[in-house]
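Undergrad: For reference, the structure I am asking about is given below.
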Amino acid sequence: MYRQNRQRVIARALGLATAVALAATATACGPQEKNPAAPAALAPSSSAGTSASPEASASASASPSQDDKSGESASPTPSASKSASPSASASPTVRYVMANGDESEKVRELQARLKQLGLLKTAPTGFYGSKTTAAVRSFQGKHGLTVSGGVDEATWRKVQSVSRKPTADELRPPTTNEVDAPHPSCMEGRVMCISKESRTLAWMVDGKVLSTMDVRFGSENTPTREGVFKVDRKEKDWTSTLYHTAMPYSMFFSGGQAVHYSADFAARGYNGASHGCVNVRDKGKLAALFGQVNVGDKVVVYW
């Protein structure tokens, strides 16, 4: 009897270990490497103000939410997680119309108005994260309001009074995101410099930006890895062996993760996410970039 129980325990342990190993390989967009090379650590970027190393990237549940739901911020926010309600915000005596963690069309309107005022650089997403919180704090400070980062009635009335009703293009702009300042690791050589903060890819040679494009990343369950990598192969026509989706103009840099064109990104924008790859929605721009990038060129993914 003792031997049978022990065999059952061993079998269960082996089954659990196998399940964990399979789950760990499900984050890449394309073919998996059994032991993908670890990315080089990144020094902090002077532009973002946050650590760009993989170890320093906190999980969404442990830090304030980004406006693209990725979950890292240098600024304090009224609530600690994206699932928190406005009533759980900074002060129990203040009722917030909108606060960190909220997601709605009203948040999208707020973001568009803040962008009109020059306080928010990225396109509206409808999700209230660290960028929106920082912009609200700046607005409140400039207008003599209580600086909380959450939008109470007084703040919302003031925002509406000094801005105009956003147009459809302002709420969902077709334009390219504003490019973030390059990470120091991007300043030498041939580099695809990819900022998670601004959601942009800049193709740079010896510190000079030659082209830029919008990009989209993996979800919280299938994150795009940060670090310094190299392009290890290119595939003009490729279909994911895991998800069976087309990945034209793939430039693989970290196991199965790659920069590639995404028809879903082109159609749905930031309403979707990749399985860990860096999606590009402008096929023409990416086709041109594909012709310029060589195997061995550097890839830097950072906050």
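The values are calculated or read from the model by the stated rules, or taken from the named source; none is laboratory data. Here the structure is a predicted model, which is why all the values come from computation and not from measurement. When we count neighbours, we look across all protein chains shown, and the Cβ atoms used for this are built from the backbone with ideal geometry, even at glycine. Just the protein is used for accessible areas: all its heavy atoms, side chains included, with ligands, DNA and RNA removed. Shrake-Rupley method; radii C 1.70, N 1.55, O 1.52, S 1.80 Å.
Undergrad: How compact and how long is segment 192-303, expressed as Rg and Dmax of its alpha-carbon atoms in Å?
TA: In order Rg, Dmax, the Cα atoms of segment 192-303 give 12.5, 37 Å.
Undergrad: OK, next. In segment 129-252, with Lys and Arg counted as +1 and Asp and Glu as -1 at Cβ, which of these residues, V162, T222, M204, has the Cα nearest the positive end of the dipole, that is, farthest along it?
TA: Ranked along the dipole, the leading option is V162.
Undergrad: Dipole size in debye (nearest 20) for segment 101-255 around its Cα centre, Lys and Arg Cβ +1, Asp and Glu Cβ -1?
TA: Around 340 debye, computed over segment 101-255.
Undergrad: Quick check for me: using +1 on Lys/Arg Cβ and -1 on Asp/Glu Cβ, what's the dipole size of segment 120-209 about its Cα centre, in debye to the nearest 20?
TA: Values: 13 positive and 9 negative charges, 51 e Å.
Charge dipole of segment 120-209: 240 debye, to the nearest 20.
Undergrad: Identify all lysines with a Cα-Cα distance to K106 below 30 Å; exclude those on the same chain that are fewer than 8 residues away in sequence.
TA: Those lysines meeting the cut-off are K69, K82, K115, K121, K131, K142, K158, K165, K196.
Undergrad: Moving to a separate point now. Given a 1.4 angstrom probe, what's the average accessible area per residue across segment 139-229, in square angstrom? It would help to have the intermediate numbers written out before the result.
TA: Working: 4200 Å² over 91 residues.
Accessible area per residue: 46 Å².
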